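Please read the structure below before turning to the comments.
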């Protein structure tokens, strides 16, 4: 197998750097990722749709490459670590615990912001001593939220300089003159009430984007 090339790093906005499908905030030493949707294959299988359970190794390798590229001091997962709403599936237990173990060993400091899919996640986090921030995590003037709820009222007038969120799974599609369309995951950047806002793409390979 050919050696993987190092991930390129691109500046975005005043604070952020794009690395893979993550956002690195160098001033804070934080790598933010979103929307892993671990366990999606088993959830589909219970609905009668069977696909190979091969997505987690790709997710984990993607996270590893981002960490290798920027060496963060902390990883903030901005929601939807797992997929299934109504329970914690066996696949979710195995793969979420494995990812938490890797992050704790490799980085040490991990924070998870609760997403709308993260029901029944707390026992997994407690098992590895990882805090769950609900509904948001605030660090150094940056507000980390999943994005499925309105921004908390504390955001307004509290010196928040940037908002980092997921949930929307942003993507961009290009269509050529023959009508062939290709879709790529993308980052969104804008402004809200004087603060920068960054929307992260979904890390899950099974979430192509909106």
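Worth a mention:
- Residues satisfying the stated conditions in region 29-50, i.e. modelled with pLDDT under 70 and assigned to a loop (DSSP other than H, G, I, E, B): 47, 48, 49
- Taking the criterion of being closer than 19 Å to residue 76 by Cα and either out of contact with any strand residue (DSSP E or B) (no Cβ under 8 Å at 6 or more places or on another chain) or not in a helix (DSSP H, G or I) (or both), the residues of region 88-107 that qualify are 97, 98, 101, 102, 105, 106, 107.
- Test set (1) at pLDDT 95 or above; (2) over 19 Å from residue 203 (Cα atoms); (3) not in a helix (DSSP H, G or I) - residue 120 fails condition number: (1)
- From the list 166, 115, 108, the one residue that fits, being within 27 Å of residue 69 (Cβ to Cβ) and surrounded by fewer than 16 Cβ atoms within 10 Å (Cβ to Cβ), is 108.
- The residues of region 141-188 that are in contact with a helix residue (DSSP H, G or I) (Cβ under 9 Å, 6 or more places away or on another chain) and either more than 24 Å from residue 30 (Cβ to Cβ) or in a loop (DSSP other than H, G, I, E, B) (or both) amount to a single one, 160.
The values are calculated or read from the model by the stated rules, or taken from the named source; none is laboratory data. Please read all numbers here as calculations on a predicted model, not as lab measurements. Cβ coordinates were reconstructed from backbone atoms using ideal geometry, including for glycine residues, and neighbour counts include every protein chain displayed.
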